[in-house]
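A.B. asks: There's a structure below that I have some questions on.
The values are calculated or read from the model by the stated rules, or taken from the named source; none is laboratory data. If you're wondering where the values come from, they're calculated on a predicted model, not measured in any experiment. For neighbour counting, all protein chains shown are included, and Cβ atoms are generated from backbone atoms with ideal geometry for every residue, glycine included. We work out accessible area using only protein heavy atoms, side chains counted, and drop any ligands, DNA or RNA first. Shrake-Rupley method; radii C 1.70, N 1.55, O 1.52, S 1.80 Å.
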There are 2 protein chains.
Amino acid sequence: MPLSVETCLTPELSFQHDFTDKTAVIIDIFRATSCITTGLNHGVVSIKAVSQVEECFPYRQRGYLAAGERDGRKIEGFDLGNSPFEFMSQKGKKIVMTTTNGTQAILKAKGASHVVLGAFLNFDAVAEYIVQKNKNVVLVCAGWKGKYSLEDSLFAGALAKKLFEFHFQANNDDATTSCLLMYERVASNLKEFVALSSHYQRLRHLNVKEDLDYCITFNLMQGVAELQESGEISLFR
Amino acid sequence: MPLSVETCLTPELSFQHDFTDKTAVIIDIFRATSCITTGLNHGVVSIKAVSQVEECFPYRQRGYLAAGERDGRKIEGFDLGNSPFEFMSQKGKKIVMTTTNGTQAILKAKGASHVVLGAFLNFDAVAEYIVQKNKNVVLVCAGWKGKYSLEDSLFAGALAKKLFEFHFQANNDDATTSCLLMYERVASNLKEFVALSSHYQRLRHLNVKEDLDYCITFNLMQGVAELQESGEISLFR
């Protein structure tokens, strides 16, 4: 019996999706899910995603590092911003994190059997995780402030294409088909096309071009970031 | 000064778009905007789009034909359903119409300078209309019950590609870029890929395959369906 892949193109459309008994993949390529994946693969113990800046304070008092951005910029007084390179040197730490888009999307996926974070950085490992869980899948694109974003949808298309090599199919979900077709159009030159995205253009002006190029690199690491029942994100084991 | 093209991927996201002083293009390829375009090009005087079945009755008493569907099927007791071929033989008539998606989307575009209906059937004429109006453009995909649909987004991509030959650009609207890339992927074999859409699959079972193939045919007619200040849709002159 084939399993289905459906895609939620922005969190504003999450009400159209039923997450029950499914694997939810949260996708915020620029940069939350890329940062979290990087951190955990570099020895961060766990990362707690929260929606508001204020929610970070009690965690910080308990020894967590506070990480996050608003409108692409590091939050004043926080230990870390939203650059994946900052997350490479926090071995042994716990982090509490809030971002404009990604952490909000993580919090939307309640009810799913499994919630996992999507990143190009561990693309094959994420696909393998999904195949092993053997559930229907919802790909949740975090977008930008509720709007559709190109880079998250391209990741969804790449992942759908990979899953279709196994026992998964779009099952009449046009959003998934569109992501797949778009990815097929640009796959041979992904970096050039991602540079067309509004998010890339926006962040480019904040001098984070290195971040962006890093975030669209395939398979630099193997650990998969998974939301635990405790509400913390840690590596799937 | 280049003009911008933005795309509203489903009516549920229309709140993210400001229609003020823009040309709005309503797109419901299967089948409302294709039907209306066909009817007006075959001598129908005007078509009034309403959201509820009950709203059709007073118009009918005044001599309008009632047209429409729910879930793809003709409404019981109505004069016409939602097949473009039925709209070819109503010369001189006025029609009141309600459909699951298309007429709802038309009603969302309030505030735009100009509201025009998009169809492959008069593709070049619609593009020429937009260029002549010389305003920023919002492409509104009607979708299916608020969900994203492949055929409407492919039309948006085709139209964006055409407009980019003139003084229009996506201006960092990722939704427009995605429609364009997807269209470029499938342009050489549009009919095969539209057949992947959920709407095509759904309607195919209602024995309207001829309708569907007709609706994705380019440039059979030249008249453009435009929403008038009176609230009726008639040919732009």
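A.B. asks: Among strands (runs of 3 or more DSSP E) lying entirely in segment A:1-85, which contain 2 or more residues that are within 30 Å of residue B:8 (Cα to Cα)?
C.D. replies: In segment A:1-85, A:3-8, A:22-27, A:65-70 are the strands (runs of 3 or more DSSP E) which contain 2 or more residues that are within 30 Å of residue B:8 (Cα to Cα).
A.B. asks: Can you name the residue in segment B:40-69 that is of a type outside the set (Ser, Thr, Tyr) and within 24 Å of residue B:150 (Cα to Cα) and is also nearest to the chain's Cα centre (by Cα) among such residues? Before the answer, list the steps.
C.D. replies: Applying the first criterion (of a type outside the set (Ser, Thr, Tyr)) to segment B:40-69 yields B:40-45, B:47-50, B:52-58, B:60-63, B:65-69.
Those still in the list that are within 24 Å of residue B:150 (Cα to Cα) too: B:49, B:68-69.
On the way: B:49: 12, B:68: 14, B:69: 15 Å.
Only one residue tops the list, namely B:49.
A.B. asks: Restricting attention to segment B:12-58, and to residues there that are within 14 Å of chain A (Cβ to nearest Cβ) and surrounded by fewer than 24 Cβ atoms within 10 Å (Cβ to Cβ), which single residue is farthest from residue B:101 (Cα to Cα)?
C.D. replies: B:18
A.B. asks: Residue B:149 is checked against (1) within 27 Å of residue B:76 (Cα to Cα); (2) under 18 Å from the mean Cα position of the chain (by Cα); (3) modelled with pLDDT under 95 and fails just one. What number does that condition carry?
C.D. replies: With (1) within 27 Å of residue B:76 (Cα to Cα); (2) under 18 Å from the mean Cα position of the chain (by Cα); (3) modelled with pLDDT under 95 applied to residue B:149, the lone miss is (3).
A.B. asks: From the list A:165, A:184, A:128, A:151, pick out the single residue that is more than 10 Å from every other protein chain (Cβ to nearest Cβ), of a type in the set (Asp, Glu) and assigned to a helix (DSSP H, G or I). Steps first, answer last, please.
C.D. replies: Details: A:165 fails: assigned to a helix (DSSP H, G or I); A:184 fails: more than 10 Å from every other protein chain (Cβ to nearest Cβ); A:151 fails: more than 10 Å from every other protein chain (Cβ to nearest Cβ).
Criteria check complete, one pass: A:128.
A.B. asks: Now, a different point. Taking only segment A:86-117 into account, find how many residues are touching a Lys or Arg at 6+ places or on another chain (Cβ under 7 Å) and assigned to a helix (DSSP H, G or I).
C.D. replies: Summing the residues that are touching a Lys or Arg at 6+ places or on another chain (Cβ under 7 Å) and assigned to a helix (DSSP H, G or I) in segment A:86-117 gives 0.
A.B. asks: Considering only segment A:190-216, state which residues are open to solvent by 40 Å² or more (accessible area, probe 1.4 Å) and either at pLDDT 95 or above or not in a helix (DSSP H, G or I) (or both).
C.D. replies: Quick first cut of segment A:190-216, residues open to solvent by 40 Å² or more (accessible area, probe 1.4 Å) only: A:191-192, A:196, A:201-202, A:204-207, A:209-210, A:213.
Across segment A:190-216, the qualifying residues are A:196, A:205, A:206, A:207.
A.B. asks: Still on this structure: With B:108, B:145 as the choices, which residue is within 14 Å of chain A (Cβ to nearest Cβ), of a type outside the set (S, T, N, Q) and open to solvent by 40 Å² or more (accessible area, probe 1.4 Å)?
C.D. replies: Exactly one of B:108, B:145 is within 14 Å of chain A (Cβ to nearest Cβ), of a type outside the set (S, T, N, Q) and open to solvent by 40 Å² or more (accessible area, probe 1.4 Å), namely B:145.
A.B. asks: Take residue A:237 and tell me if it is open to solvent by 40 Å² or more (accessible area, probe 1.4 Å), out of contact with any His (no Cβ under 6 Å at 6 or more places or on another chain) and within 9 Å of chain B (Cβ to nearest Cβ). Steps first, answer last, please.
C.D. replies: Values: open to solvent by 40 Å² or more (accessible area, probe 1.4 Å): yes; out of contact with any His (no Cβ under 6 Å at 6 or more places or on another chain): yes; within 9 Å of chain B (Cβ to nearest Cβ): no.
So residue A:237 fails the test.
A.B. asks: Quick check: anything in segment A:81-103 over 19 Å from the mean Cα position of the chain (by Cα) and among the small types (Gly, Ala, Ser)?
C.D. replies: Initial filter on segment A:81-103 (over 19 Å from the mean Cα position of the chain (by Cα)): A:89-93.
Checking which are among the small types (Gly, Ala, Ser) leaves us with A:89, A:92.
Checked segment A:81-103: at least one residue is over 19 Å from the mean Cα position of the chain (by Cα) and among the small types (Gly, Ala, Ser).
A.B. asks: How many residues does segment B:188-206 hold that are within 11 Å of chain A (Cβ to nearest Cβ) and under 18 Å from the mean Cα position of the chain (by Cα)?
C.D. replies: 5
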